[in-house]
Amino acid sequence: MSTKIAVLFCSLSAFAQDVPRGDAPLVRRYREGETLIYRMKGTNENWRYEVQASGVVKKEASGNLTEEYAWSNLISDGKAVPLSAASLGFRQVLSLSSDKPPSIPNLATVQPVLIGPITDLLTYYVDLWLAMRAGRLTHAGDHVYQKIGIPASWADGNYVVLGEDAVDFDMTLEDLDRSKQVATLLVRHIPPEEPAIHLPAAWMREPVADTKNNWVNVAKRNGKFIAEVGKETFDVRMKVSLVDGKILSGAIDNPVKAKQRECTDAAFTSCGDARPHDILRQIEIALER
């Protein structure tokens, strides 16, 4: 689901027109050669994992400073998982100083088990990039609501034949602790008033929760289609250094309240009875001091 971020970039790039004011507390100040190590812990329904992202600040030929991350030390359900040479050699490049939002990398060579962690780290950076570019989060309690609402897809056309959600961004600078030089930022990804996702069957348009459905996922399984629809939200809360703008720690809470049906046709109209399916993903990161 987290690969959906890639589709939002055309809309998020509009923030490049907003230049943070001089008194903005959220500003990334890079130092070439600086190293950063993040420990990530996650749960995805019944799956638990831990992994490490090790980064170094580098200067590109353009002069832009970036953070380049390598992934290692993956533990899945309490057991160490060997990473392939391609996965160990993969580098994720992120930047909070560019006019362009952090982008999704080419994930063709990494093991599937790493795709979630890689795109979850990207979620933190996209949200902080948005908050920095908003230019109106300067005091504790300041709030910015950014309508996006366009559908974002993670369908691969093979296993997932339809996978979309749509969200708006609700950003709040919750706290500025000048004594500790730490800001607390909350970015909520919430259902728009009119989610523009594609819901081909009438039953998919019946609200599952207290908003219009903003999430749909249909996967092929044993010649049938497992179709799910419902409400998805993200709450992304992070601690950010007021000294240099790097992420100190963060937590993602990503629940989906859905109903699921097994269908025998590609129009998703010949289906069995609906059954509830609640999904919860929670991801924490912490910067090693």
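Coordinate-derived values only; no laboratory data. Quick caveat: nothing in here was measured; it's all calculated off a predicted structure. Counting neighbours? That spans all protein chains shown, and the Cβs are built from the backbone with ideal geometry, glycine included.
For LYS58, what charge total do you get from the other residues with a beta carbon under 12 Å from its beta carbon, if Lys and Arg give +1 and Asp and Glu give -1? Write out the running numbers ahead of the final one.
Details: positive: ARG31, LYS59, ARG91; negative: GLU32, GLU34, GLU60, GLU67, GLU68.
Counting the neighbours of LYS58, the net charge comes to -2.
Among 157-164, 272-279, sorting by the average number of other beta carbon atoms lying within 10 angstrom of each residue, highest first, gives 157-164, 272-279. Annotation for region 268-289 versus region 148-188: alpha-carbon center distance of 15 Å. Specify the angular offset, from 0 to 90 degrees and rounded to the nearest 10, of the alpha carbon long axis of helix 112-134 from the longest principal axis of the alpha carbons in the chain. It works out to around 60 degrees.
Given a Förster radius of 41 Å and the C-beta distance between THR35 and LYS224 as r, what FRET efficiency does 1/(1 + (r/R0)^6) yield to the nearest 0.05? Once the sixth-power term is evaluated, E becomes 0.25. Name the shape class, rounded, prolate or oblate, that the alpha-carbon gyration tensor gives for region 90-217, where a ≥ b ≥ c are the square roots of its eigenvalues, rounded holds for a/c under 1.5, and otherwise prolate holds if a/b is larger than b/c and oblate otherwise. Oblate is the answer for region 90-217, as a/c is 1.5 or above yet b/c matches or exceeds a/b. Between the C-alpha center of region 82-116 and that of region 25-67 there is a gap of 11 Å. When peptides 63-72, 112-121 are ranked by their average number of other Cβ atoms within 10 Å per residue, the highest-first order is 112-121, 63-72.
Once the chain from ILE150 to LEU88 is taken as fully extended at 0.36 nm per residue, the excess over their C-alpha distance is 18.9 nm. The relative contact order of region 96-178 comes to 25 percent, based on Cα pairs under 8 Å that sit 6 or more residues apart. Sequentially through region 204-211, phi angles give Karplus couplings (6.51, -1.76, 1.60; θ = phi - 60°) of 6, 8, 7, x, 8, 10, 9, 9 Hz, Gly and Pro residues having no value and appearing as x. With the simple spin-label model, which puts each label point 7 Å out from Cα in the Cβ direction, the ASP175 to SER72 separation comes to 3.4 nm. Based on Cα contacts under 8 Å between residues 6+ apart, the chain shows a relative contact order of 17 percent.
Computed over neighbours whose Cβ is under 10 Å from that of SER76, the net charge equals 0, Lys and Arg +1, Asp and Glu -1. Distances between placed amide hydrogens fall under 5 Å for ARG48 paired with ASP77, all partners being 5 or more residues away or on another chain. Packing, taken as the mean count of other beta carbons within 10 Å per residue, orders the peptides 76-85, 209-218 from highest to lowest as 209-218, 76-85.
At full extension, HIS139 and ASP244 could sit 36.1 nm farther apart than now, given 0.36 nm per residue minus the alpha carbon distance.
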